[in-house]
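Visitor: One structure follows; several queries about it will come next.
What follows draws every value from the coordinates through simple rules; no lab data is involved. It should be emphasised that the depicted structure is a prediction, and the values quoted were computed from it without experimental measurement. Neighbour counts are summed over all protein chains in view; Cβ atoms, including those assigned to glycine, are modelled from backbone coordinates with ideal geometry.
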Amino acid sequence: MYESDIIVIGAGPAGVMAATRAAELGASTTLVTREALGGMAADDGPVPVRTLAQAARLMRGAGKLEGFGIRTGAPVLDYPQLLQRVSAVVGQVQRDASLRRDIGRLGITLHENTGNARFLDPHTIETASGLRLQARQFILCTGGVSRRLSVPGAELTATHSDAWALKQVPKSIVVVGAGATGAQVASIFSAFGSRIHLFQRASRIIPTEDEEVSAAVAAAFRAQGIDVREDFGTIDSFERTGAGIRMNFSRNGVQGSVEAELAVVAAGWVADTEGLNLQAAGVQLDARGYVVVDATLRTSAPHIRAAGDITGRWMLVPQAVQGGWIAATNAASGTDQTQEGAIHPTGGFTEPEYASVGMTEAKALLAHDVVKAVVRFDETVRTIIDERTGGFCKLLVDRGSRNILGCHVVGERAVEMVQVVAIAMASGLKVDELVRVPLSFPTYTGILVRAAFRAVEQLGAESRWSPP
């Protein structure tokens, strides 16, 4: 007889959702977490990052005050006080979010701060704190950790987590990797006054985004004084210098180097499976070290599922939450729901913000007759009012079906704007219907309707009205 129907390991977004969903469906559920409830998203992910990004945004915004007739002195950053604010926000989220209330209401057994859990056999785990627990089924949601480089001197580098925990702002930082995390580190600390050298091995930064988004963000970074180096070659080594650290690199036999007080490596994530002893449970990993799952999030062990970063899929909080829901639903109900084909909006809290949902233009052109409508931020009322005229909104529509294929935004409120398109796409709203939604004026989301109107114009259909 097992102590629980389901044990969920890991209490980040995927794990908390998995546990609450399983309990809602009537399964006796235990949630085990190495540290505190909330996981990386609360203490090392979107919550602290967005808090720092808000401080960076306020620093930049202070430079616009005089244009609105507001005279103040130059802003001065008190970084230790900002870190106190970050800590307070994280603490409040962990204390006051509905997570604990839901866990208590649903009768979930919660074990926090247990240290690492490891499988002793397919149905038994033991934690570093000495707990030994058994269950009929398991859901693995232990997340991911920053990938370390395997070059000489790599131990001298920091991760993004170390960057958030700095006691003072470095004068200069080399950031290696310009995906979402690296771009955010670069953008935030540039606003705080650091000289940033952003190195990207691929031909463009934030390479999973639409090409025009990458180009616009890179151009904005350079205009802010960030040294963006794409397609830079390979890293040969890191070494200490009197002022900090030197990164040596080479491309086509040509040597180069750059020096800074700090080097931050943001070169991707690996699954946090160390110490789980997954072989004892019959769980297989792929060549990259992620847990292998099928479309229903079942692992190679029939009684074990996995969700979130540990699977190597989207590596984003909303998708982790969705995965936790699907894994728990299938585990508790015996169903075979999948995560395939869902709408997955993404975005980054950089300056400027960027966000996307659906297909990139390059991907859409491979399979569709695409209508592309672009609205620049310097031609819309709200952006002119706010003096936030840098950026654009691009809407992609299939000519035949009139379905929205994707939306890509760079600029103020980009992440919020794209959520509206995600809802429209998930609801099957065609572009002709989106253009008829009378959104409030003047707003940023109203820009979407203007883009939809331009798409409808290209389709040769009459719209009932023209947005202002």
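Visitor: Using 0.36 nm per residue, how much length does the chain from Ala243 to Ala295 gain when fully extended, once their Cα-Cα distance is taken away?
Guide: Additional length available on full extension: 13.7 nm.
Visitor: If you count, for each residue, the other Cβ atoms within 10 Å and average over each peptide, how do 171-181, 193-203, 425-435 line up from highest to lowest?
Guide: Top to bottom by mean Cβ count within 10 Å: 171-181, 193-203, 425-435.
Visitor: OK, next. Net charge around Gly244, counting only other residues with Cβ within less than 9 Å of its Cβ (Lys, Arg = +1; Asp, Glu = -1)?
Guide: The answer is +1.
Visitor: Near the amide H of Val228, under 5 Å away, which other amide H atoms are found, from residues 5 or more places off or on another chain, if H is placed in the peptide plane?
Guide: Leu198
Visitor: Quick one: which of 349-355, 307-313 comes out on top by average Cβ neighbours within 10 Å, and what's the full order, highest first?
Guide: Sorting 349-355, 307-313 by mean packing, highest first, produces 307-313, 349-355.
Visitor: Restricting to DSSP loop positions (anything but H, G, I, E, B) with no more than 14 other Cβ atoms inside 10 Å of their own Cβ, which trypsin sites (Lys or Arg not before Pro) remain in segment 68-122?
Guide: The qualifying sites are Arg71.
Visitor: Here's a follow-up. Defining a contact as two alpha carbons under 8 Å apart and six or more residues distant in sequence, what relative contact order in percent does segment 352-459 show?
Guide: About 31 percent, as a whole number.
Visitor: Extension gain Ser161-Ile384, at 0.36 nm per residue separation less the Cα-Cα distance, in nm?
Guide: Extending this stretch completely gives an extra 76.6 nm.
Visitor: Spin-label point model (7 Å from Cα, Cβ direction): what's the Ser333 to Gln224 distance in nm?
Guide: 4.3
Visitor: Which of the chymotrypsin sites (Phe, Trp or Tyr not before Pro) across segment 388-468 are loop residues per DSSP, with 15 or fewer other Cβ within 10 Å?
Guide: Trp465
Visitor: Once the other residues with Cβ under 15 Å from the Cβ of Ile423 are scored (Lys, Arg +1; Asp, Glu -1), what is the net sum?
Guide: -1
Visitor: Assign one of three labels to segment 267-371, namely rounded, prolate or oblate, based on the Cα gyration tensor with a ≥ b ≥ c the square roots of its eigenvalues; rounded applies when a/c is under 1.5, prolate when it is not and a/b is larger than b/c, and oblate otherwise.
Guide: Prolate.
Visitor: So what is the calculated 222 nm ellipticity per residue for the chain, using -39500 (n - 2.57) for each DSSP H run with n of 4 or more, over all residues, to the nearest 500 deg cm²/dmol?
Guide: -9500 deg cm²/dmol
Visitor: Can I ask one more? From the backbone phi of segment 285-295, what are the Karplus-calculated ³J(HN,Hα) couplings (6.51 cos²θ - 1.76 cosθ + 1.60, θ = phi - 60°) in whole Hz, Gly and Pro given as x?
Guide: Calculated HN-Hα couplings, in order: 10, 8, 5, 8, x, 8, 5, 6, 10, 8, 5 Hz.
Visitor: What is the gain in length, in nm to one decimal, between Arg147 and Ala36 on full extension, counting 0.36 nm per residue of separation less the C-alpha to C-alpha distance?
Guide: Length gained, Arg147 through Ala36: 37.7 nm.
Visitor: For semi-axes √(5λ) of the Cα gyration tensor in Å, pick the label among (1) 52, 27, 21; (2) 36, 25, 21; (3) 37, 31, 22 that corresponds to the value derived from the coordinates.
Guide: Comparing each candidate, only (3) matches the computed number.
Visitor: Which whole-Hz couplings ³J(HN,Hα) result when phi for each residue of segment 206-219 is put into the Karplus expression 6.51 cos²θ - 1.76 cosθ + 1.60, θ = phi - 60°, listed in order with x for Gly and Pro?
Guide: Residue by residue, segment 206-219 yields 5, x, 7, 8, 4, 4, 5, 5, 4, 5, 5, 5, 4, 5 Hz.
Visitor: Going by the alpha-carbon gyration tensor, a ≥ b ≥ c the square roots of its eigenvalues, is segment 154-267 rounded (a/c under 1.5) or, if a/c is not under 1.5, prolate (a/b greater than b/c) versus oblate?
Guide: Because a/c hits 1.5 or more and a/b fails to exceed b/c, segment 154-267 counts as oblate.
Visitor: Restricting to lysine pairs 8 or more places apart or on different chains, what number in the chain have Cα atoms under 19 Å apart?
Guide: 5
Visitor: Consider all pairwise Cα distances in segment 352-459 and report the whole-number % of them above 25 Å.
Guide: Percent of Cα pairs beyond 25 Å in segment 352-459: 13.
Visitor: Which order do peptides 219-227, 119-127 fall in by mean Cβ count within 10 Å, highest first?
Guide: 119-127, 219-227
Visitor: If you take every residue apart from Pro207 with its C-beta less than 15 Å away from the C-beta of Pro207, what net charge results, scoring Lys and Arg +1 and Asp and Glu -1?
Guide: -3
Visitor: In whole Hz, with x marking every Gly and Pro, tabulate ³J(HN,Hα) for segment 70-77 from phi via Karplus 6.51 cos²θ - 1.76 cosθ + 1.60, θ = phi - 60°.
Guide: Per-residue couplings from phi come out as 10, 9, 9, x, 5, x, 10, 8 Hz.
Visitor: While we're here: At R0 = 25 Å, how high is the FRET efficiency between Ser440 and Arg376 if r is their beta carbon distance? Nearest 0.05 is fine.
Guide: Using R0 = 25 Å, I get an efficiency of 0.75.
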